[in-house]
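In what follows, a structure is listed as structure tokens, so that the remarks can point back to it.
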Amino acid sequence: NLFTNGTFNPTQIDIINTDDNSNVEFSFIDENEFNVIQIGSIGWETEKVNILVKISGENIFNLFVDAERLDENCCSFTRYNQIRIDNSDYELDSEKGIYKIRVV
């Protein structure tokens with residue numbers, strides 16, 4: 001884990017919306033050597049999002065999300081039509097819904 005061993009510092013994370021070059025808000029959760037970058041703004045509306053994640057100025061990966069906000073049977077929810085991670089190897093933990101990004 002590159003955050004736990006000190007290779008990367010969470011304060012050096014930049015997440016950029018590549019469609020308009022704006023910064024994307026995120027949370028860094030660090031518990032028991034389990035480090036998660038959480039982007040909570042995706043999925044609250046129907047949208048296609050293109051994001052670049054950088055650490056220490058280095059491009060780590062690109063994230064594309066096609067999210068569709070739906071309202072059925074008095075319940076609102078998001079259907080993720082596509083989630084794609086480019087330029088990095090990754091593994092999906094389908095039980096937790098967490099993508100583990102591998103950086104070489």
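Can you tell me the accessible area per residue over the chain, all protein chains present, probe 1.4 angstrom, in square angstrom?
70 Å²
Per the 1.4 Å probe, what fraction of the accessible area of the chain, in percent, lies on carbon and sulfur atoms?
Details: 3070 of 7250 Å².
Carbon and sulfur together cover 42 percent of it.
Keeping every protein chain in place, order TYR90, TYR99 by accessible area at 1.4 Å, biggest value first, i.e. largest first. Walk me through the numbers before you get to the answer.
On the way: TYR90 100, TYR99 75 Å².
Sorted descending by solvent-accessible area, the residues read TYR90, TYR99.
How big is the gap, in Å, between the Cα center of region 1-32 and the Cα center of region 38-65?
Distance between centres, Cα-based: 10 Å.
What per residue convex hull volume, in Å³, comes out for the chain when only alpha-carbon positions are used?
Details: hull volume 12.4 nm³, N = 104.
Hull volume over Cα atoms, normalised by residue count, gives 119 Å³.
What is the gain in length, in nm to one decimal, between CYS75 and ASN1 on full extension, counting 0.36 nm per residue of separation less the C-alpha to C-alpha distance?
22.8 nm
The values are calculated or read from the model by the stated rules, or taken from the named source; none is laboratory data. Quick caveat, the model's predicted, so the values are computed rather than measured. To get the accessible areas, we keep the full protein, side chains included, count just its heavy atoms, and leave off ligands, DNA and RNA. Shrake-Rupley method; radii C 1.70, N 1.55, O 1.52, S 1.80 Å.
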